[in-house]
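Notes follow once the structure below has been shown.
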Amino acid sequence: MKKKTARTPKELLPLARNILSDNKDDRIFALAGKMGAGKTTLIKSFCKALGVKETVSSPTFSLVNEYETGSGQPVFHFDFYRIIKIEEVFDIGYEEYFFGGEYCFVEWPEMVLELLPESYVYVSIEVNENDERVIAWKTVRN
């Protein structure tokens, strides 16, 4: 597992670029961390690194937001914190997203682990005693 510490939010964009370049062939990124750890903030950096110009915000109530890269490619941002039943994820047609070949950034992946593809990038965010973000990532191949 690779690991970096981000002392300020400005350090997240180069880190996001690094994670994306480390995982050129992967499109599913599962971000785990406690409430307030910075999952949405890191996803904003991933989206910026991919050329998204739109405002990126957490899709807490809609479950998924769609953005567009500068080249017109869709990018999907999921937040599964509020799901009660896995059927809610079936209702939004998760298969088209997760298996469609586009970038998908998933907050609270532990709620849908059994639905994630066989290969994805697991990203964990922890807040250390200095209020810095310790970000670790690895490719998962099931």
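Using the Cα gyration tensor of the stretch 64-138, with a ≥ b ≥ c the square roots of its eigenvalues, what is the shape: rounded (a/c below 1.5), prolate (a/b larger than b/c) or oblate (neither)? Kindly include the intermediate steps, with their values, before the conclusion.
Numbers: a/c = 1.92, a/b = 1.32, b/c = 1.45.
Judged from the Cα gyration tensor, the stretch 64-138 comes out oblate (a/c at least 1.5, b/c at or above a/b).
To the nearest 500 deg cm²/dmol, what mean residue ellipticity at 222 nm is calculated for the chain from DSSP H runs of n ≥ 4 alone, each contributing -39,500 (n - 2.57), summed and divided by the residues? Write out the running numbers ahead of the final one.
Values: 4 runs with 32 residues, N = 142.
So the calculated ellipticity at 222 nm is -6000 deg cm²/dmol.
Dipole magnitude of the chain about its Cα centre, charges +1 at Lys/Arg Cβ and -1 at Asp/Glu Cβ only, in debye to the nearest 20? Please report the intermediate quantities before stating the final value.
On the way: 18 positive and 22 negative charges, 156 e Å.
Computed about the Cα centre, the dipole is about 740 debye.
Remark: the stretch 111-122, residue by residue, has Karplus-estimated 3J(HN,Hα) of 6, 9, 3, 5, 9, 5, x, 5, 10, 7, 9, 9 Hz, where x stands for each Gly or Pro and the curve is 6.51 cos²θ - 1.76 cosθ + 1.60 at θ = phi - 60°. Across the stretch 83-90, coupling constants 3J(HN,Hα) worked out from phi with the 6.51/-1.76/1.60 Karplus curve, θ = phi - 60°, read 5, 9, 10, 4, 4, 4, 6, 4 Hz, and Gly and Pro carry x.
Decide, for the stretch 36-78, between rounded, prolate and oblate: order the square roots of the alpha carbon gyration tensor eigenvalues as a ≥ b ≥ c, take rounded if a/c falls under 1.5, and otherwise choose prolate if a/b is larger than b/c, else oblate. Taking the square roots of the gyration eigenvalues as a ≥ b ≥ c, the stretch 36-78 is oblate. Backbone amide hydrogens, once placed in the peptide plane, bring Ala30 within less than 5 Å of Val106, Val121, Tyr122, Val123, excluding anything fewer than 5 places away on its chain.
Translational diffusion coefficient, Stokes-Einstein: compute it for the chain using the Kirkwood radius over C-alpha pairs as Rh, at 37 °C and 0.692 mPa s, and state it as an integer in µm² s⁻¹. Spell out each step's value before the answer.
On the way: Rh = 15.1 Å.
In µm²/s, the coefficient is 217.
What number comes out for the charge environment of Thr69, summing +1 per Lys or Arg and -1 per Asp or Glu over other residues with Cβ under 13 Å away? Don't jump to the answer; show the numbers that get you there.
Working: positive: Arg27, Lys48, Lys53; negative: Glu54, Glu66, Glu68, Glu102.
After counting each charged neighbour, the total is -1.
Counting only other residues whose beta carbon sits under 10 Å from that of Pro9, what net charge do I get with K and R as +1, D and E as -1?
Working: positive: Arg7, Lys10, Lys44, Arg133; negative: Glu11.
Overall, the nearby charge balance is +3.
Where does the charge balance sit around Ala37 when Lys and Arg score +1, Asp and Glu -1, over other residues with C-beta under 13 Å from its C-beta? Net charge around Ala37: -1.
In whole percent, what relative contact order does the stretch 2-141 give with Cα contacts below 8 Å and a gap of six or more residues? Mind dumping the intermediate values first?
On the way: 246 pairs, mean separation 47.7, N = 140.
The value is 34 percent.
Candidate cross-link partners of Lys4 among the lysines, defined by an alpha-carbon separation under 16 Å and a same-chain spacing of 8 or more, comprise Lys39, Lys138.
The numbers here are math on the coordinates, done by the rules we state, and not lab data. The structure displayed is predicted, hence computed values, not measured ones. As a convention, Cβ positions derive from the backbone with ideal geometry for all residues, glycine included, and neighbour counts pool all protein chains shown.
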